[in-house]
Every structure is written in structure tokens, then in C-alpha cells.
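Presented below is the structure to which this report refers.
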Amino acid sequence: MLDSSESALIERARAGDRDAFAQLYDPLERPLRAFLYRMTAAAQDAEDLAQEIALQALETIAHYKGASSFRIWIFGRAAEAALEYLRGQKQWDPDALIRAGRRAAEKASERRKLQKIHKSKLHTTYAIEEHIDFCFTCMGRCLPPHEEAALLLAEVHGFSDAEAAETLGISVQAVRFRVLQARQALVDHFDSRCSLINKDGTCSECAGLHTLLHGDHRRTEQTLFRIDLQQRATPGERAAGLDQRLAIVRAIDPLYAEGTR
């Protein structure tokens with residue numbers, strides 16, 4: 001149920017009050033862009049989609065009946081736009097990021113370029129947590145888009161199952177099934193590849209970049225110890241490991257973090 005203040009803002013926005021629309025939209029703008037970026041894994045495309053959604057919402061809000069919260073309404077539009085954007089596109093190969101990282105690491109010019117950027121006045125921070133978040137975004141593109149949308153709403157953006165269902169126009173049971181499927185796929189992807197939780201994992205990009213940029217392997221080890229992502233043996237422990245990774249993701253705005261700039 002909408003609270004009285006939101007209902008009043010919606011009524012004003014429906015009547016053409018742009019200030020009221022801004023009060024509804026502005027607090028959601030960055031979360032909305034983060035959702036679109038994690039769905040598309042393309043910053044400029046996410047920016048373009050966000051602008052289109054904001055403009056369309058402003059133009060059509062007069063027809064919005066206010067039966068659900070503005071957050072559900074605007075995220076529903078974002079989900080529709082992202083799913084349409086991804087229609088016909090192939091899911092990513094889970095090993096694509098590993099191969100790209102290896103190709104870059106083989107080129108001395110690329111390593112020097114990264115070090116120069118890192119040492120510049122404008123780019124002085126590289127945090128392993130941000131790379132974990134970036135890796136999560138890439139792995140998200142390995143999922144069926146409808147599963148990723150449900151996962152992001154329920155596990156990253158704090159929507160209840162009922163809110164996610166209303167946002168996506170599906171049943172609560174469908175949301176739960178899609179989230180379950182997405183979680184299991186991510187657990188499998190990370191457990192078989194991520195060297196932070198598997199000593200035989202094939203991907204060590206986050207730790208390798210940290211050592212390359214900071215020039216201090218011991219500092220990297222200390223950072224990894226603080227993050228404490230560890231190998232999990234049982235299904236319950238593996239699920240808990242994904243929850244720990246999701247907590248890192250929730251704490252980061254992928255478009256405005258230090259490393260992103």
C-alpha cells in the first residue's frame with residue numbers, strides 16, 4: 001500500500017507537476033541505472049536506456065493509476081527495456097572474462113597503461129571488491145535474462161518476492177524459481193573458476209590486478225584475508241558463499257565506484 005506522501009506526489013506528477021515527478025524519480029535514478037548496467041554489462045547502453053525510461057515515464061505518468069509503488073512501476077519499465085535489449089543476444093561464455101584478462105596480461109603495453117591510469121591523480125583507487133562486483137556483472141550476463149532480472153531485484157535491490165513478481169508481471173512462485181535457478185548457476189560458475197574460493201580456480205583477475213597496480217603481493221594477501229571469501233564444501237556453505245559475494249555487490253554502485261571512474 002502506498003503511503004500518503006507518495007500518493008500525493010503521484011497525483012501531482014499525474015497532473016503535470018514536474019517537480020513532483022523529480023521527487024519520485026531522483027532517489028531511484030542511480031539504483032535504476034545500476035540495475036540496467038548489471039543487466040546489460042554496457043555502461044553507455046545502460047545510460048541510454050535510463051534516459052529513455054525517464055523520458056517515457058514523464059510522458060506517460062498521467063496514465064499511471066498508482067496501484068503499485070512508483071518504484072515498482074519504474075523498475076518494471078526498466079526490466080522490460082533491459083529484456084527487450086537482450087532479446088536475441090547470446091548469453092556470455094563464463095570463461096570470456098578469463099580469456100580477455102589473459103590476453104591483456106600478455107601485452108606489456110596494456111600492463112603499463114593500467115599502471116599509468118592507476119597512478120594518475122584522477123584514478124588512484126583499485127579495490128578488489130569492485131572487481132568482484134564487476135565479475136558478478138559479467139557472470140550475470142551468462143544467465144538467462146529473465147532469471148538475472150529476478151535475481152537482481154530480489155537479491156541486490158531489496159525487492160520482496162511479491163514486489164519482484166509485480167515488477168516483472170509474473171507470479172511469486174515464478175520469481176522464487178528464477179532466483180533459485182540463477183543462484184545455483186552462479187554458485188557453479190564461481191566455485192569452478194574463482195581462485196578466491198577454489199585453489200584450482202582458473203580466474204585470479206581481481207588478485208592479479210591488485211598486485212599489478214599496487215606492486216605489493218603481501219598487501220593483496222592482506223586484502224583477501226579481510227574479504228574472506230573461502231572454499232565452501234557443502235551446498236549450504238556454497239549458498240552462504242554466494243550470499244557473502246552478494247553483500248559485496250549490494251554495497252557498490254557499479255557506475256560510480258572509484259575504480260569505475
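The table below lists the values:
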quantity: First in region 11-38 and without any contact (Cβ under 8 Å) to a residue 60 or more places away in the chain and among the charged types (D, E, K, R), second anywhere and loosely packed, with under 14 Cβ neighbours inside 10 Å and assigned to a helix (DSSP H, G or I), Cβ under 9 Å, 6 or more apart; calculated: Arg12/Asp19; Arg14/Ala62; Arg14/His63; Asp17/Glu11
quantity: Subset of region 129-158 (residues that are touching a Gly at 6+ places or on another chain (Cβ under 7 Å) and modelled with pLDDT of 95 or more); calculated: Glu148
quantity: Count of region 132-173 residues which are free of Cβ contacts under 8 Å to residues at least 12 places away in the same chain and in a helix (DSSP H, G or I); calculated: 4
quantity: Residues satisfying the stated conditions in region 59-68, i.e. polar (S, T, N, Q) and more than 20 Å from Arg18 (Cβ to Cβ); calculated: Ser68
quantity: Candidate set: region 217-250, residues that are surrounded by fewer than 11 Cβ atoms within 10 Å (Cβ to Cβ) and assigned to a loop (DSSP other than H, G, I, E, B); chosen: the one modelled with the highest pLDDT; calculated: Thr234
quantity: Check on Gly201, surrounded by fewer than 20 Cβ atoms within 10 Å (Cβ to Cβ) and at pLDDT 95 or above; calculated: no
quantity: Any pair with Cβ under 7 angstrom, 6 or more apart, that starts in region 86-97 at a residue that is among the polar types (S, T, N, Q) and ends at one that is modelled with pLDDT of 90 or more and surrounded by 15 or more Cβ atoms within 10 Å (Cβ to Cβ); calculated: Gln91/Arg141; Gln91/Cys142; Gln91/Leu143
quantity: Region 41-70, residues that are in contact (Cβ under 8 Å) with a residue 60 or more places away in the chain and under 22 Å from Glu166 (Cα atoms); calculated: Gly66, Ser68, Ser69, Phe70
quantity: Per-region count, region 76-94, residues assigned to a loop (DSSP other than H, G, I, E, B) and surrounded by fewer than 16 Cβ atoms within 10 Å (Cβ to Cβ); calculated: 7
quantity: Scan of region 71-80 for residues that are under 17 Å from the mean Cα position of the chain (by Cα) and without any contact (Cβ under 8 Å) to a residue 24 or more places away in the chain, ordered by number; calculated: Glu80
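The values are calculated or read from the model by the stated rules, or taken from the named source; none is laboratory data. Computed from a prediction, not measured in an experiment: that's the story for all the values here. With ideal geometry, Cβ positions are generated from the backbone for all residues, glycine too; neighbour counts draw on all protein chains shown.
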